[in-house]
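K.L.:
Take this structure first; my questions come after.
The values are calculated or read from the model by the stated rules, or taken from the named source; none is laboratory data. Computed from a prediction, not measured in an experiment: that's the story for all the values here. Cβ coordinates were reconstructed from backbone atoms using ideal geometry, including for glycine residues, and neighbour counts include every protein chain displayed.
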Amino acid sequence: MSQTFRELGIREDLNRGLEELSIFAPTQVQERVIPFLLKEGADLVAQAQTGTGKTAAFGLPLLMKMNGKKPEVQGLVIAPTRELAKQIGKQLFRFTKHTEKIFIEVITGGDNIDRQVEALRRPTHIVVGTPGRIMDMIQRRALSLDSVKHVVLDEADEMLSMGFKKELQEILKLTTQRQSTWLFSATFPEAIHTLIKGCMAPNPHTIQIDQGNVVNKDIDHRFVILKPEEKTEFITDFLKRQKEGRGLIFCRTKIDANTLCRELVALGLPVDVLQGDLMQKERDKVMRAFKKERVQFVVATDVAARGIDVADLAFVIHHQLPDQLEYYTHRSGRTARAGKKGMSLCLVHPKEKWKLPQLEKALHVKFREYRP
């Protein structure tokens, strides 16, 4: 029997906010994380996928630990991308609708830095930001971490794979009053273990959702064997059959992403592209069009797609199998969110078919051949 948020120890004023957002039943991550953080509040390492409700898992206890009467930064949430940081900030703000005033500021690259400096002059209790921009703010003396008690590292594996190890270590060194560090990661490469050793007490409390749940159970994993020259035609036919269904198509490289997008647009499909060479303004424009459903499909590279959170995606297509196991987890986790179903479809080169059993074994999933 699933518990309620009240039974987990969440305060009544926050409960009201959750109910107004139609959030009634805690997810598995929330059931296991919230009681520990409220009762112990010590260092935590949690394995959690995108889309499992981890923002509420750490966000609700963090809000309960804030002292609204002290106008100083007491909580710091670090996220890999601008999109994810904004999404976390928005979610925390929504949770506080009925609470005493807890002020949250989001600071990320790609936004006007002077405006962010100005915003931090106001009373602020929680800062949500990306590692680079947090360091910028510290160097400008616009942000002090002297009073920070709790630090959350969200999608820590992503931050390390994006090269933020040095910034994370610097930031953590500056939180001299830190009482706890809560680290959330979908996967645990070696670099994560090094980071954990450097910033946490020995043997932090670890919550690992059993391996069978690493990849969302609502995802239907499919594959189709295709030669490279057959892929565009296959994708075109697949997209034309989608009706209202929206989705992401992942490519390994920027060149592949741009080429595929051009080919699909030339065939009259409502497609745009997200890749690393885009200016922040162009990236925002693509994301806005996708969220507002003016664009039905987006072709993306793994790095450019980090932090994308678009509700109700029906599918993701892997133009090629990803280079790394965790990329498959992150890619497929974009669909089948909030209890909905979704498909993760791999276009597999005949010579790479042998990789599928490896993925099945590592991720505890079953691939079935896709037949239109």
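Each row is one residue, and each column tells you yes or no for (1) closer than 30 Å to G276 by Cβ; (2) at pLDDT below 95; (3) part of a loop (DSSP other than H, G, I, E, B).
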| site | (1), (2), (3) |
| --- | --- |
| M1 | no, yes, yes |
| R32 | no, yes, no |
| P71 | no, yes, yes |
| L84 | yes, yes, no |
| G89 | yes, no, no |
| G109 | yes, yes, yes |
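K.L.:
Restricted to the range 259-275, and to residues that are in contact (Cβ under 8 Å) with a residue 24 or more places away in the chain and surrounded by fewer than 19 Cβ atoms within 10 Å (Cβ to Cβ), which residue is nearest to L321 (Cα to Cα)? Spell out the reasoning first.
P.N.:
Just the residues of the range 259-275 that are in contact (Cβ under 8 Å) with a residue 24 or more places away in the chain, to begin with: 260-261, 263-264, 267, 269-275.
With the extra rule that they be surrounded by fewer than 19 Cβ atoms within 10 Å (Cβ to Cβ), the set shrinks to 263, 267, 269-270.
Values: E263: 20, L267: 24, L269: 23, P270: 24 Å.
In this case the residue turns out to be E263.
K.L.:
Still on this model: Sort out which residues of the range 121-131 are crowded, with 17+ Cβ neighbours inside 10 Å and either outside the structural domain of F164 (by TED's automatic domain parsing) or without any contact (Cβ under 8 Å) to a residue 60 or more places away in the chain (or both), and write them in order of number. First the steps, then the outcome.
P.N.:
Going through the range 121-131, the residues crowded, with 17+ Cβ neighbours inside 10 Å turn out to be 124-131.
Selection gives T124, H125, V127, V128, G129, T130, P131.
K.L.:
Right, next: Within the range 242-258, can you find the residues that are loosely packed, with under 15 Cβ neighbours inside 10 Å and either in contact with a Phe, Trp or Tyr (Cβ under 6 Å, 6 or more places away or on another chain) or not in a helix (DSSP H, G or I) (or both)? Steps first, answer last, please.
P.N.:
Looking only at the range 242-258, we keep the residues that are loosely packed, with under 15 Cβ neighbours inside 10 Å, and these are 242-244, 253, 255.
The answer is Q242, K243, E244, T253.
K.L.:
Conditions: (1) at pLDDT below 95; (2) in contact with a His (Cβ under 8 Å, 6 or more places away or on another chain); (3) under 30 Å from R294 (Cα atoms). G245 meets all but one. Number of the miss?
P.N.:
Condition not satisfied by G245: (2).
K.L.:
If you go through the range 3-30, how many residues are within 22 Å of the chain's Cα centre (by Cα) and not in a helix (DSSP H, G or I)?
P.N.:
7
K.L.:
Spot the failing condition for T206; the list is (1) touching a strand residue (DSSP E or B) at 6+ places or on another chain (Cβ under 9 Å); (2) under 20 Å from G129 (Cβ atoms); (3) of a type in the set (V, I, T); (4) exposed (fewer than 14 other Cβ atoms within 10 Å of the Cβ), and only one is missed.
P.N.:
Status for T206: all satisfied but (2).
K.L.:
So in the range 308-362, with the set limited to residues that are among the hydroxyl-bearing types (S, T, Y) and outside any helix (DSSP H, G or I), which one is modelled with the highest pLDDT? Reasoning before the result, please.
P.N.:
Filtering the range 308-362 for residues among the hydroxyl-bearing types (S, T, Y) gives 327-329, 332, 335, 344.
Applying the additional criterion that residues be outside any helix (DSSP H, G or I) yields 335, 344.
Details: T335: 88, S344: 95.
This residue is S344.
K.L.:
What are the residues in the range 296-307 that are crowded, with 17+ Cβ neighbours inside 10 Å and either modelled with pLDDT under 95 or small (G, A, S) (or both), if any?
P.N.:
Hits for the range 296-307 are A300, T301, D302, A304, A305, R306, G307.
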